[in-house]
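Inspection log for the structure reproduced underneath, given as structure tokens.
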Amino acid sequence: MARYIIIDSYECNGCGSCVEICPEVFALNEEGDKALLLDSEAAITEKVEKAAAYCPQKCIEFD
Ligand code: SF4
């Protein structure tokens, strides 16, 4: 079964680390204070896992 990436927007502090690590999947919103997914069905690649591991808020999750 496919797993999906989830960003807990409440916890996200907009640090941009995930965007730096994996710009194919993550971007910052217009205000630049929250991360969002460019593709809600993006595959969970190694880079995505790395972005999740380095997220200081631990708010990138997989479901
Ligand atoms: S690394 Fe985490 S806290 Fe930083 S912008 Fe991405 S989701 Fe938000």
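So the values come out like this:
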read-out: Ranked list, fewest to most other Cβ atoms within 10 Å of each Cβ, for Ser17, Ser40; value: Ser40, Ser17
read-out: Relative contact order (%) - criterion: Cα under 8 Å, at least six apart; region: the chain; value: 46
read-out: Extension reserve of the Asp63-Tyr4 stretch, reckoned as 0.36 nm per residue once the Cα distance is removed; value: 20.7 nm
read-out: Under Karplus coefficients 6.51, -1.76 and 1.60, residue-wise ³J(HN,Hα) of the range 3-13 in Hz, glycine/proline x; value: 10, 10, 8, 10, 10, 7, 5, 5, 7, 4, 10
read-out: Point-to-point label distance, Tyr54-Asn29, nm (Cα→Cβ direction, 7 Å offset); value: 2.3
read-out: Net charge of Cβ neighbours under 9 Å - reference Ile6; Lys, Arg +1; Asp, Glu -1; value: -3
read-out: Stretchable slack from Cys15 to Glu46, in nm (0.36 nm times residue separation minus alpha-carbon distance); value: 9.1 nm
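No value in this document is a laboratory result; all are computed from the given coordinates. None of these values were measured; they are calculated from a predicted model. Every residue, glycine as well, gets a Cβ built from its backbone with ideal geometry; the counts of neighbours run over all protein chains shown.
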